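Read-outs: derived from the displayed coordinates by stated rules, not from any lab. This one's a predicted model, so the numbers in the text were calculated from it and none came from an experiment. Ideal geometry is used to build each Cβ from the backbone, glycine not excepted, and the neighbour counts take in all protein chains shown.
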Amino acid sequence: MFYGLMSDIQFDIAIIGSGMAGLSAAIYAGRYEMRTVIIGDEPGGATASAWTIENYPGYKEIDGYDLIMKVKDQAESLGAKVLHDKVISVDKTGETFSLGTESGQTVAAKTLLFAHGAARRKLKLPKEDDFALGKGVHYCTTCDGPLYKGKTIGIVGGGDAAIKGANLAVQYAEKIHIIEITNSLKPEPVNMARLQPFINSGKVEVHLETEIVELLGNDRLTGVRTKEGKEFVLDGLFVEIGAVPEMALATKLDVKLDDYGYIAVNNEMETNIPGIYAAGDSTNFFGHFKQDITAAAMGAVAATSAFNYLQKPKD
Ligand SMILES: Cc1cc2nc3c(=O)[nH]c(=O)nc-3n(C[C@H](O)[C@H](O)[C@H](O)COP(=O)(O)OP(=O)(O)OC[C@H]3O[C@@H](n4cnc5c(N)ncnc54)[C@H](O)[C@@H]3O)c2cc1C
């Protein structure tokens, strides 16, 4: 453990994001006896709100929050300092990275790991941001689905997050409309099989090739209108259409992005800038396959690379 002012300590590694990638990196960094700080604005990242996880080795079934808190405990027990804060600025002077946080702290470190995930993609429709303030528009069915007991909801999207969310929401909602812009759903087969009985019974209706163009309602969402001229009366709308990376901090340090706007890394999770690494959903290392197991693996590799970098004599 490290005590005293953050600004008095030079860490070996500063990790942005306290999700699976960042915390896994911290476990490895701790075992390498690196002085480690993790700054995350959302304890546990996406895993904390993933609800039941059934594909993480060692657990047939575990609540995402419980899983990630075990990882956090493990990281802390190995000496990592976990700060609940948001990094708002980054800089490099000589060989030192300095980070500024929302609460006014400054952190200095010899290496830097971007493990900050990717933000949820929005529909980009008028009123969306207002309705997202607890007025009917949500971006995580597993997190907020239980608010809609006995209600009618829409779920936008046809990937695994949407179908997994629908599988949870059937426990609460009276009726679910899945609204997907393409002509097919593409979840993991096991999740589709779970939902199928509810589609058969009519509790869940699937609307393919359907594009929402307007959010209805004044003070809060009351429904949606589609390009095809359909109108759905809804109590809530869950937007599950993937994520977009937020890369202002990385590009400030001239870190190269790939064609999709994620951080470009090699097999060692190195970026184009010496001493800067990236891991987890902030990269496309495994393409669209973004899971806890891949995030954990990338975090472990990134910490190992940072350790090796610090061992090498500098010119
Ligand atoms: C609903 C849902 C269900 C899922 N179910 C599963 C599942 O069953 N199995 C599975 O393996 N995977 C599942 N996943 C995917 C898995 O959760 C992610 O792949 C994994 O969490 C990625 O970890 P990460 O650490 O890269 O990113 P994240 O978990 O996104 O963590 C990054 C963190 O960094 C924070 N951050 C961003 N910018 C800053 C900043 N400037 N300062 C401080 N902090 C910052 C973010 O807020 C976030 O908390 C699910 C995801 C979702 C959304």
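Computed on the Cα trace of the chain, the radius of gyration divided by the Kirkwood hydrodynamic radius gives Rg/Rh = 1.02. The residues neighbouring Ile263, those whose beta-carbon lies less than 14 Å from its own, together hold a net charge of -4 under the Lys/Arg +1, Asp/Glu -1 convention. Checking the Cα-Cα distances for Lys164/Lys230; Lys149/Lys203; Lys72/Lys110; Lys186/Lys290 against a 20 Å cut-off, the pairs over it are Lys164/Lys230; Lys72/Lys110. A straight chain from Thr182 to Glu205 at 0.36 nm per residue would run longer than the Cα-Cα distance by 6.8 nm. Descending by average beta-carbon neighbour count within 10 Å, the peptides 262-274, 103-115 line up as 103-115, 262-274, the highest first. Once the chain from Phe286 to Leu147 is taken as fully extended at 0.36 nm per residue, the excess over their C-alpha distance is 46.6 nm. With the simple model of a label 7 Å out from the Cα in the direction of the Cβ, Asp259 to Met192 spans 2.6 nm. Taking Cα atoms only, the orientation of helix 20-31 departs from the longest principal axis of the chain by about 20 degrees. If the segment from Thr222 to His84 were pulled out straight at 0.36 nm per residue, it would be longer than the present Cα-Cα gap by 46.1 nm. Peptide packing for 35-45, 11-21 was compared via the average number of neighbouring C-beta atoms within 10 Å per residue; ordered from the highest value, the list is 11-21, 35-45. Decide, for segment 85-168, between rounded, prolate and oblate: order the square roots of the alpha carbon gyration tensor eigenvalues as a ≥ b ≥ c, take rounded if a/c falls under 1.5, and otherwise choose prolate if a/b is larger than b/c, else oblate. Since a/c reaches 1.5 and a/b is larger than b/c, the shape of segment 85-168 is classed as prolate. Computed on segment 260-306, with alpha-carbon pairs under 8 angstrom and 6+ residues apart, the relative contact order is 39 percent. As a length-normalised measure over Cα pairs under 8 Å and 6 or more apart, the relative contact order of the chain settles at 21 percent. Answer rounded, prolate or oblate for segment 122-211, using the Cα gyration tensor with square roots of eigenvalues a ≥ b ≥ c: rounded when a/c is under 1.5, else prolate when a/b is larger than b/c, else oblate. Verdict is oblate for segment 122-211.
Taking a point 7 Å from the Cα of Glu174 along the Cα-to-Cβ direction, the residues of segment 210-248 with backbone N closer than 11 Å to it are 235. Averaging the sequence gap over all C-alpha pairs within less than 8 Å and six or more residues apart, then dividing by the number of residues, gives segment 128-239 a relative contact order of 32 percent.
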